[in-house]
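Values in this text are rule-based calculations from the coordinates and carry no lab data. As the structure is a computational prediction, the values presented were derived from the model and not from experiment. Here the Cβ is made from the backbone with ideal geometry for all residues, glycine too, and neighbour counts use every protein chain on show.
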Amino acid sequence: MPVFAPKALPDESGLTPQLVWDLPTRLFHWTLAALFTGAFLVAIASSEHSRVFLVHMLIGLILAFAIVLRLIWGLVGSKPSRFSSFLYSPAALGRYVRLAMKGADQPGSGHNPGSSYAIYAMLLLPLALVATGLLKSSGREWAEEVHAVLAYGMLAVVVLHLVGIAWHARRHRDGIALAMVHGRRPVGAGEAIASHRTWAGAVYLLLLGGWAAGLVNGFEASRRQVVLPLVGTVLPLGEAKEGKEGKEGKGRGARQEGGKQKHGDDDH
């Protein structure tokens, strides 16, 4: 069943809204929006060494799994959701931008070249964010700066995507803003899909919910680590501030002890 099904009335182009986006695609869209927003807000509102910050890292791992599921659906899902349906060359993107600036672009049934590049960026950047976040937790200092750049890069892509949607909606008035809610857009004959793929949406929620529950079950705040579901791999989630100070104290003690021993050897 659709999440929301408005009465199908022709838009200004004379085309009747029909089903274009299946349920798994729409669910992922809102999952991505909610998880990235949550992770970003937790990151800027908490200290890196606080326990609250660990929630940021858990959200990132959930988001990474959601993207893996979307990558699979991009290969086997309904036609508008498959990556093969919105593979555009840089030249095609350039032509689209020029036409859009002149007000001569024509809306299609699926992703246009501009939104397609935004989609790819919003799939790849979170994976890079998770990777650099884990590297940072493992002590790679260079990964911290890269992680921050990627985070603000992702934010910029999201903002540009929203601006593009608002601009498109104002120009074409084809209900694009709600397309990821009810899945319908004005399209020509033969461009609609036959089913919401409700069963696949249920599988998506079941797998994602199971992954999230497994992460919570394998999470150890005191040790700042999590055990990945299914594979059993233990991932560090950073190092507590007091842990760093303890190590520094041990290091100072070792240096002092070494200095004393050296002075003792000099006396001989």
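The GluC sites (Glu not before Pro) found in the range 103-167 that occupy coil by DSSP, while having at most 12 further C-beta atoms within 10 Å, are Glu141. As a calculated quantity, the FRET efficiency between Leu93 and Thr37 at R0 = 25 Å, using C-beta atoms, amounts to about 0.40.
Relative to the current alpha-carbon distance between Ala104 and Arg223, full extension at 0.36 nm per residue lengthens the span by 37.1 nm. Annotation: amide H-H contacts under 5 Å for Gln18 (H modelled 1.01 Å from N, sequence separation of 5 or more, or interchain): Arg185, Val187. Simple point charges give the picture: +1 on the Cβ of Lys and Arg, -1 on the Cβ of Asp and Glu, and for the range 17-237 a dipole about the Cα centre of about 560 debye. Using a simple spin-label model with pseudo-atoms 7 Å out from Cα toward Cβ, Ala213 and Arg140 lie 3.3 nm apart.
Sorted on the mean count of surrounding Cβ atoms within 10 Å across their residues, most packed first, peptides 17-30, 122-135, 77-90 read 17-30, 122-135, 77-90. Would you please state the base-10 log of I(q)/I(0) at q = 0.08 1/Å for the range 17-237, with intensities from the Debye formula using one equal scatterer on every alpha carbon? Debye curve over Cα of the range 17-237, log10 I(q)/I(0) at q = 0.08 Å⁻¹: -0.33. Given their separation in residues at 0.36 nm each and the Cα-Cα distance between them, Ile72 and Val159 gain 28.7 nm when the chain is fully extended.
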